[in-house]
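One structure is given here, and the rest of the page talks about it.
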Amino acid sequence: MWTELLDAMNRKGLKNIELGRNAPIEDLGLAPFIRKFPHSPLAQLALRVGKEDIPWLGQEGASPQQIEDAEARLGVRFPDSYRQFLLASNGFLIPGSFCCVLLPVDLVRRFGDDNADIVALWEALLEENPSLAAEDDFSCRIGNTIQVSEGSFDYDLFALLDTASTSPEGEAWTIMHDRQGYEEYETFAKLAEEIGKPRQHHVA
């Protein structure tokens, strides 16, 4: 399954690079990731985007031990389709996409680690309206969700794993969260399918 999904994401990323061939990395959404994690092999690959012909935008797969170490560090069990993604490619670039960097497993972290301001806003909202917590909305526990993507700072888009919940597919919900709201995917693989869809995408 992941061979086809990764191929689709790769085609989408390469098409967006071609459409934005004269655009800077900022316009392809890669600059924040490169600045934040300059020593990551995936960031080094991102630096070459638009400067060289890059046939593959992924990485060698993570080892089972690397995945287990990340799970132990975070105190969670990753959803099966996300584990399969990491085994197939330890991070992936989809320049110009709404989710332009899927992080390597060593950079996956709790959303609250880097986004205390957003978490504080939700906590204040819950304090004003405690009934929201009864709705079991993931936003009530957003600080503990697992951030698995890095996006363009222009959109503040994050792919999150809500490991405290279970979708009808039997996996943790995968959430695409931004300032306007969020979209839920029953598996991480379904998010990958959406990313790889061949639709027109404007690159500035």
Can you tell me which condition Cys140 does not meet? The list is (1) touching a residue at least 24 places away in the same chain (Cβ under 8 Å); (2) over 23 Å from Lys36 (Cβ atoms), and all the others hold. (1)
Do you know which of the residues in the range 154-188 that are at pLDDT below 90 and aromatic (Phe, Trp, Tyr) is nearest to Phe98 (Cα to Cα)? Tyr155
Hey, could you check the range 1-53 for residues that are surrounded by 17 or more Cβ atoms within 10 Å (Cβ to Cβ) and of a type in the set (S, T, N, Q) and say which is modelled with the lowest pLDDT? Asn16
Quick one: how many residues across the range 54-63 are open to solvent by 30 Å² or more (accessible area, probe 1.4 Å) and more than 18 Å from Ser149 (Cβ to Cβ)? 4
Taking the range 183-197 only, how many residues are buried (at least 18 other Cβ atoms within 10 Å of the Cβ) and either aliphatic (A, V, I, L, M) or in contact (Cβ under 8 Å) with a residue 24 or more places away in the chain (or both)? 7
Is one or more of the residues making up the range 83-106 more than 11 Å from the chain's Cα centre (by Cα), more than 23 Å from Thr145 (Cα to Cα) and modelled with pLDDT under 95? yes
Is one or more of the residues making up the range 20-33 over 27 Å from Gly181 (Cα atoms), over 17 Å from the mean Cα position of the chain (by Cα) and among the charged types (D, E, K, R)? yes
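The values are calculated or read from the model by the stated rules, or taken from the named source; none is laboratory data. As the structure is a prediction and not an experimental result, all values here were calculated from the model. Using ideal geometry, Cβ is built from the backbone for each residue, glycine included, and neighbour counts are taken over all protein chains shown. All accessible areas refer to the heavy atoms of the entire protein, side chains included, with ligands and DNA or RNA removed. Shrake-Rupley method; radii C 1.70, N 1.55, O 1.52, S 1.80 Å.
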